[in-house]
1. Under 9 Å between Cβ atoms, which residue pairs at least 6 apart in sequence (or on different chains) link something in the range 35-49 that is closer than 20 Å to Thr3 by Cβ with a partner that is at pLDDT 95 or above and hydroxyl-bearing (Ser, Thr, Tyr)?
2. Exactly one condition in (1) closer than 17 Å to Arg67 by Cβ; (2) without any contact (Cβ under 8 Å) to a residue 24 or more places away in the chain; (3) of a type in the set (Asp, Glu) is false for Asp54; which is it?
Amino acid sequence: MATPSVIFVDDERELRTLLTEYFERHGFAVRAAADAAEARRLVADARPDLLVLDINMPGENGLSLARFL
């Protein structure tokens with residue numbers, strides 16, 4: 001069975017780090033993005049099984065990114 005993958009998108013570095021470490025310890029392949037533009041690049045490289053999006057980010061917000069995806 002393939003390792004489940006997740007992308008966390010949040011402009012707060014500490015939260016991204018915390019979530020990344022937690023999910024990696026529980027067997028997920030994790031990538032993280034600081035903004036919507038970076039998330040779009042990550043998704044273009046490989047489709048994750050799950051995305052966790054921050055709603056309130058500078059620039060493009062999580063809702064707009066969700067509509068795009």
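The values are calculated or read from the model by the stated rules, or taken from the named source; none is laboratory data. Everything quoted here is computed from the prediction, not taken from an experiment. We place every Cβ from the backbone using ideal geometry, glycine too, and count neighbours over all the protein chains shown.
1. Between residues of the range 35-49 that are closer than 20 Å to Thr3 by Cβ and residues that are at pLDDT 95 or above and hydroxyl-bearing (Ser, Thr, Tyr), the close pairs are Ala46/Ser5; Arg47/Ser5; Pro48/Ser5; Asp49/Ser5.
2. (2)
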